[in-house]
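Everything below concerns the one structure shown next.
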Amino acid sequence: MPLARRIIPCLDVDQGRVVKGVNFVGIRDAGDPVEIARRYNEQGADEITFLDITASHEQRDTTVQTVERIAREVFIPLTVGGGVRALSDIRALLNAGADKVSINTAAIHNPDLVESAAARFGAQCIVVAMDVKRVSTDQEPPRYELFTHGGRKPTGIEAVAWARKMAAKGAGEILLTSMDRDGTRDGFELTVTRQISEAVDIPLIASGGVGTLAHLADGITEGGADAVLAASIFHFGEFTIPEAKDYLAARGIEVRR
Amino acid sequence: MTSYVAVIDYGMGNLHSVASALEHAGASRVVVSHDPDIIAQADRVVFPGVGAIQDCMAEINRLGCDQLLKAVLASANQPVLAICVGMQALLDHSEENGGVDTLGIISGRVNYFGAGLKDDQGQRLKVPHMGWNEVVQTKPHPLWAGIADGSRFYFVHSYWVEPSDPSLMVGSFDYGVTGCAALANENLFAVQFHPEKSHVAGLKLLSNFLTWDGTCS
């Protein structure tokens, strides 16, 4: 297939500063999302995802300003998520230069937000983010449910049915994060990735758990993901984007170079 | 050659990315407007588009951008670059939103990729067509200068353009169908992909547009 699988570095940003640290050689300000986005752009990242983890709603103007600064210099797609609650939040981020906006908890509280956002701004810019955990025992068929509050709060919503519902509401893409794997470096949760990728016709971004380049490839070949998202393996300079692409290409996966 | 660019604004979302990319590509000045007097003064014009075609057409017609664009294209001395939904709006009809008549500047249709889309090996293809795909330069054109044939550009769309006159097509993509990635007619160049989001290849295409004289030779 000629369409390239996408590699997406993810920046977690709190009050305008990248958290979890970034360790690039020669970078002036490791906390500056603009500097880091520019670096990933130069390396050939296919997209950048920017997750605003700022707790306070009042400080969110900083996010809009940061998005504006990134969009002035980075000419690849930019997805922004975190704390998006209303159409006005989406409009502000799109006007600031985001290409896609990701909706997570607000979609659970108000699924019609996805529908009205897709109708107003176009499905192509509405990403639904899903944080899931396995709730079945090892003896049972695998079942995954949505969680909120960083994986602490169960919702009882089954993941595959939810993905189908969000696609039907007009989501243009799913960003799937396994909260069981997030931060573990054990690799993507491939079972739920495959379940959801097969269940919906819209593209799926796999997230949570990448520790090696093989994990990226597995997300695509075994999980069926259209794009793979990772943070720490790129931030700490363990691997560059070109190294990841070389590896995927060697595994027979189409990439953009 | 000066490069004062007007980006036609019909109120359908963010045009800063297009404007920033044009500035980055070397435009001396970029204005975002739907004022006919301002657009008449520009050296070249960009007709962008994001969102659903029905809403786009409603705003295009309400603001008189249809007449404006036709006047610009007829003047022949202002090169025009149409992007994504801006390209789709040029055709006669789109299947989106249950069927919408569009500007009819270029004869042809805009089709849905359809459910159950598959590649030539029978693999299921997701819709929207979202990501970096190869663009085959089916005809030479000044806007392809310095861009390798088969370079990848960023696409995000669920509908694809099929001009009645296949000779207008200057670039194609494969995604279950062979679709029109770029078409050219006199002072018009229209692309389905987003050059403003296509990194090096996209910026090169924009810089080519900034020095293009509006002829196809």
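The values are calculated or read from the model by the stated rules, or taken from the named source; none is laboratory data. Predicted model, so just to flag it, every value in this text is computed and none were measured. Ideal geometry is used to build each Cβ from the backbone, glycine not excepted, and the neighbour counts take in all protein chains shown. Just the protein is used for accessible areas: all its heavy atoms, side chains included, with ligands, DNA and RNA removed. Shrake-Rupley method; radii C 1.70, N 1.55, O 1.52, S 1.80 Å.
Name every residue in the stretch A:75-89 that is open to solvent by less than 20 Å² (accessible area, probe 1.4 Å), more than 9 Å from chain B (Cβ to nearest Cβ) and hydrophobic (A, V, I, L, M, F, W, C), in order of residue number. Listed by number, the residues that qualify are A:Val80, A:Val84. In the stretch A:212-236, the residue that is modelled with the lowest pLDDT out of those that are over 16 Å from the mean Cα position of the chain (by Cα) and not in a helix (DSSP H, G or I) is A:Phe236.
Selection of the stretch B:185-209 for residues being surrounded by fewer than 20 Cβ atoms within 10 Å (Cβ to Cβ), within 12 Å of B:Ile106 (Cβ to Cβ) and not polar (S, T, N, Q) yields only B:Glu186. In the stretch B:118-131, the qualifying residues are those that are touching a strand residue (DSSP E or B) at 6+ places or on another chain (Cβ under 7 Å) and in contact (Cβ under 8 Å) with a residue 24 or more places away in the chain, and the one that is most open to solvent (accessible area, probe 1.4 Å) is B:Lys118. You will find that of A:Ile126, A:Ile103, the residue that is more than 21 Å from A:Gly223 (Cα to Cα) and away from chain B (no Cβ under 14 Å) is A:Ile103 and no other.
Under 7 Å between Cβ atoms, at least 6 apart or on separate chains: pull out the pairs that start in the stretch A:164-180 with a residue that is more than 18 Å from A:Thr49 (Cβ to Cβ) and end on any residue that is assigned to a loop (DSSP other than H, G, I, E, B) and among the β-branched types (Val, Ile, Thr). These pairs meet every condition: A:Arg164/A:Val200; A:Ala167/A:Val200; A:Ala167/A:Ile202. Would you check if there is a residue in the stretch B:31-42 being within 22 Å of A:Glu73 (Cβ to Cβ), within 14 Å of another protein chain (Cβ to nearest Cβ) and touching a Pro at 6+ places or on another chain (Cβ under 7 Å)? No, the stretch B:31-42 contains no residue that is within 22 Å of A:Glu73 (Cβ to Cβ), within 14 Å of another protein chain (Cβ to nearest Cβ) and touching a Pro at 6+ places or on another chain (Cβ under 7 Å). Evaluation of A:Gly209 against the conditions (1) within 12 Å of chain B (Cβ to nearest Cβ); (2) touching a Phe, Trp or Tyr at 6+ places or on another chain (Cβ under 6 Å) shows that the sole unmet condition is (1).
Condition check for B:His157 on (1) touching a Cys at 6+ places or on another chain (Cβ under 7 Å); (2) surrounded by fewer than 22 Cβ atoms within 10 Å (Cβ to Cβ): one failure, at (2).
Given the criteria within 13 Å of chain A (Cβ to nearest Cβ), among the small types (Gly, Ala, Ser) and either open to solvent by less than 70 Å² (accessible area, probe 1.4 Å) or over 26 Å from A:Ile174 (Cβ atoms) (or both), does B:Gly64 qualify? No, not satisfied.
Here B:Gly104 clears all of (1) small (Gly, Ala, Ser); (2) open to solvent by less than 30 Å² (accessible area, probe 1.4 Å); (3) part of a loop (DSSP other than H, G, I, E, B) except the condition numbered (2). Residues that are surrounded by fewer than 15 Cβ atoms within 10 Å (Cβ to Cβ) and either more than 23 Å from B:Asn208 (Cβ to Cβ) or at pLDDT 95 or above (or both) within the stretch B:39-53 comprise just one, B:Ala40.
Considering the stretch A:173-203, and only residues there that are among the small types (Gly, Ala, Ser), open to solvent by less than 10 Å² (accessible area, probe 1.4 Å) and not in a loop (DSSP other than H, G, I, E, B), the residue that is farthest from the other protein chains (Cβ to nearest Cβ) turns out to be A:Ser178.
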